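Following this message is one structure expressed as structure tokens.
The values are calculated or read from the model by the stated rules, or taken from the named source; none is laboratory data. These numbers were taken from a predicted model, which means no experiment stands behind them. Here Cβ is always computed from backbone atoms with ideal geometry, including for glycine, and neighbour counts include all displayed protein chains. Ligands, DNA and RNA are stripped out before the accessible areas are found, and what is left, the full protein with its side chains, is counted by its heavy atoms. Shrake-Rupley method; radii C 1.70, N 1.55, O 1.52, S 1.80 Å.
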Amino acid sequence: SITAAVREGRVIFDNIRKIIVYLMSDSFSEIILIAGAIMIGIPLPLLAVQILWINLVTDGFPNLALTVEPAEADVMQRPPRKKNEPVVNGEMKMLIFIIGIVTDIGLLALFMILLGNGYDIVHLRTVMFTALAIDSLFYVFSVRSLRHSIFRIKLFQNKWLNIAVLAGLAVQIAAVYVPSLQSLFSTIALSGTDWLVLIGLSLFKLVVIEITKEIFIVMKNRKNVASA
């Protein structure tokens, strides 16, 4: 019973950390994106209603699914946490920062390029709106493990997360293509080229996140070997 309780406690604590990284990364990206646009002096890339939709709806499904994320394979092989260890540790802060910065550099660059090429502001905001939503639906799989690379875990093990991502994608597509929702969110239909660019940016971001995680993993392993 004690072993089972310790295991369950570690799983719950892990999942809390994953949810924090997921939500704070998205919020940080939105803050920096809006602040960056204001500082540069360009039109706002997102409207308030679009930000609310991403936070409450598109991200809401994966966020709930992370609460039932299965235990990682090594959950009982880890040493006990220190009593004074914060919930948000240094690695989590760095991941949140890198996810936010990589997202904003890519999106701001894309926004300025398209703006310079004469794209309509409604089209531009639809691209930014969808880009943030797609990004969060992609990197949630990376957040499934903060200790292991995405290539070393069973990627689609959490069936509820798979359903949540598909649901999030479906509602985002509806926000872009359903006429009544277009009026509500000030969006227009995106082209196939738009989607290819957005998916490409999301995959690039996922690679950067995994490289960062791998660096932390290597550093931690070296530290453990040195201390042993």
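Normalized C-alpha radius of gyration of segment 1-105, against 2.2 N^0.38 Å?
Cα Rg divided by the expected 2.2 N^0.38 Å: 1.34.
Any chance you could give the angle, 0 to 90 degrees and rounded to 10, that helix 2-40 forms with the longest Cα principal axis of the chain?
The helix 2-40 is inclined about 30 degrees to the chain.
Here is a further query. Summing Lys, Arg as +1 and Asp, Glu as -1, what charge do residues with Cβ under 12 Å from the Cβ of LEU201 carry, LEU201 excluded?
After counting each charged neighbour, the total is -2.
Can you tell me the orientation of helix 192-227 relative to the chain, as the angle in degrees between its alpha-carbon axis and the longest Cα principal axis, to the nearest 10?
20
Per the Kirkwood treatment, what hydrodynamic radius in Å, one decimal, follows for segment 84-160 from the mean inverse distance over all distinct Cα pairs?
After inverting the mean inverse Cα-Cα distance, the result is 14.9 Å.
Over segment 1-143, what percent of the accessible surface lies on carbon and sulfur atoms, probe 1.4 Å?
On segment 1-143, the fraction of accessible area on carbon and sulfur atoms equals 71 percent.
Evaluate the relative contact order of the chain (contact order divided by residue number), counting alpha-carbon pairs under 8 angstrom at least 6 apart; express in whole percent.
In percent, rounded to a whole number, it is 29.
Between segment 84-142 and segment 1-59, how far is it from one alpha carbon centroid to the other, in angstrom?
11
Give me the angle, in degrees from 0 to 90, between the Cα long axis of helix 90-116 and the longest principal axis of the Cα atoms of the chain, rounded to the nearest 10.
10
Right, here's the next one. Projected onto the charge dipole of the chain (+1 at Lys/Arg Cβ, -1 at Asp/Glu Cβ, origin at the Cα centre), which of PRO79, LEU184, ALA133 gives the Cα projection farthest towards the positive end?
Positive-most Cα among the choices belongs to PRO79.
Provide the per residue accessible area, probe 1.4 Å, for segment 144-220, rounded to a whole number of square angstrom.
Values: 4220 Å² over 77 residues.
Value for segment 144-220: 55 Å² per residue.
Quick one, what does Rg over Rh come out to for the chain if you take C-alpha atoms and the Kirkwood Rh?
Here the Rg-to-Rh quotient is 1.01.
Any idea what the dipole of the chain comes to, in debye rounded to 20, about its Cα centre with Lys/Arg Cβ at +1 and Asp/Glu Cβ at -1?
Details: 20 positive and 16 negative charges, 220 e Å.
Dipole magnitude for the chain comes out near 1060 debye.
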